[in-house]
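What follows is a single structure, written as structure tokens, with notes after it.
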Amino acid sequence: MTSNQTVREALAVAVAANLPVLLWGDPGTGKTSTVLALGERLGLPVEAVVGSIREPSDFAGLPVVRADGTWFAPPRWAERLATAGTGLLFLDELTTAPPAVQAAMLRVVLERTVGDLTLPTTVRIVAAANPPGLAADGWELTAPLANRLVHLTWEVSAADIAEGFTRGFAADDGSPPPTAPTPAQVAAAKARIGEFLRVRPELLLDVPDSPERAGRGWPSPRSWAMAATALAAGEANASDEPVIAALLVGAVGEGAGYEALTWLRTLDLPAPETLLANPDAPLPERADRRHALLSALVAHVLADGTVDSWERAWAVIGRVARSTTDVAATSARTLAAHRPTGATPPTTVLELAPILRAAGLLP
């Protein structure tokens, strides 16, 4: 897979997961046409808004006096997306937007609010930008805006262009469009990212100390949450490792992103779905890996909310408890406290009575 193909897939996976994305690339390399083709592939109407020709009121709304007060009227592009009920908002030439316009765009990216109009949650947001040094009157992105986006670097090669000239530049390669991860998959991914941050707490927040760093991805609780969703989306669509790497690094930056990837790779944990389907699947030997495994499993079960997954999870916790009681205790406490209506505790719970008693869940 070429770097261009990696970014295309990463973009499609992020859009499917409803993560705001920013494509960085040189002028004239096909960023805009790629986004338009992706919208067509996913069946989403696309509204392109060029930052360099907009004013703050194009995002904050134009004040209109009414009998019942002032109404901040949204622009027509926002009304069309709201009427459609879904779509892809494409914010082009982002780095040519002055800081005042970028500030007005913050609310659109974070809350999907334009003036007094709230866009449907199904509206995806993709932006494109040239590096400030290559943009006419270019501006660095502000740190708060950059922290709300997954940053992908768009590169093209002569081979990519030659193939595009021959076969076309459509984003549809014949494969089925990516799908969004389930809430349970996202919850499990957040649990694994949370375990990583427990090991490396200094990477939770690293506010940029220079304009250059501020304009790209950097670690914060917000961007780590995006990284977890990106991880879940990549795994749900069986994406290659370079695609998942591009998404994680794009969310939290290179240093934190690659360190998280290395940690996740060394864990080599089975997916929660695999364990629930086969509770006898091999478990990691190390206690820290078992702790991460159970955290992801319990997060998956709580998000899934079904009786069957809750009952099946106890078999895995029981296996862990036989060798590492303290590791199983926390997960047993959480699972027992979130028993779904109608669930019957399996016989495994009786075997765990000493653990539950130690956790204060039994007299």
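The values are calculated or read from the model by the stated rules, or taken from the named source; none is laboratory data. Predicted, not measured: the structure shown is a model, and the values here were computed from it. Don't worry about glycine lacking a Cβ; one is built from the backbone with ideal geometry, like all the others, and counts go over all protein chains shown. Protein only, heavy atoms only, side chains kept; ligands, DNA and RNA dropped before computing areas. Shrake-Rupley method; radii C 1.70, N 1.55, O 1.52, S 1.80 Å.
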Item to complete: Take the residues in segment 243-255 that are surrounded by 16 or more Cβ atoms within 10 Å (Cβ to Cβ) and not hydrophobic (A, V, I, L, M, F, W, C), then tell me which one is farthest from Leu149 (Cα to Cα).
Response: Gly253
Discussion item. For segment 256-286, which positions are loosely packed, with under 13 Cβ neighbours inside 10 Å and in contact with an Asp or Glu (Cβ under 9 Å, 6 or more places away or on another chain)?
Written reply: Arg265
Worksheet entry | Index of the failed condition, Thr95 passing every other in (1) open to solvent by less than 10 Å² (accessible area, probe 1.4 Å); (2) under 27 Å from Glu235 (Cα atoms); (3) of a type in the set (Ser, Thr, Tyr) | (2)
Worksheet entry | Unique match (being within 22 Å of Gln102 (Cβ to Cβ) and of a type in the set (Phe, Trp, Tyr)) among Trp218, Trp224 | Trp218
Discussion item. If Trp24 satisfies all but one of (1) surrounded by fewer than 17 Cβ atoms within 10 Å (Cβ to Cβ); (2) under 20 Å from the mean Cα position of the chain (by Cα); (3) closer than 19 Å to Gly217 by Cα, what's the number of the condition it fails?
Written reply: (1)
Practice prompt. Among what's in segment 60-92 and is in a strand (DSSP E or B) and charged (D, E, K, R), pick the residue that is surrounded by the most Cβ atoms within 10 Å (Cβ to Cβ).
Written response: Asp92
Worksheet entry | Subset tally (residues that are modelled with pLDDT under 80 and closer than 12 Å to Val50 by Cβ) for segment 98-114 | 0
Item to complete: Any residue in segment 99-110 that's among the basic types (Lys, Arg): show its pairings with residues that are surrounded by fewer than 21 Cβ atoms within 10 Å (Cβ to Cβ) at Cβ separation under 7 Å, as long as the two are six or more apart or on different chains.
Response: Arg107/Thr113
Discussion item. Six or more apart or on different chains, Cβ atoms under 6 Å: show the pairs whose first residue is in segment 119-131 and over 15 Å from Leu38 (Cβ atoms) and whose second is of a type in the set (Gly, Ala, Ser) and part of a loop (DSSP other than H, G, I, E, B).
Written reply: Pro120/Gly85
Worksheet item: In segment 204-242, which residue that is aliphatic (A, V, I, L, M) and open to solvent by 30 Å² or more (accessible area, probe 1.4 Å) is farthest from the chain's Cα centre (by Cα)?
Response: Val207
Worksheet item: If you check every pair at least six apart or on different chains, which have Cβ atoms under 7 Å apart with a residue in segment 75-94 that is on the phi > 0 side of the Ramachandran plot first and a residue that is β-branched (Val, Ile, Thr) and open to solvent by less than 10 Å² (accessible area, probe 1.4 Å) second?
Response: Gly87/Val123
Discussion item. Name the residue that is most open to solvent (accessible area, probe 1.4 Å), counting only residues in segment 1-21 that are farther than 29 Å from Pro183 by Cα and assigned to a helix (DSSP H, G or I).
Written reply: Ser3
Worksheet item: Could we say that Pro132 is at pLDDT below 90 and within 18 Å of the chain's Cα centre (by Cα) here?
Response: no
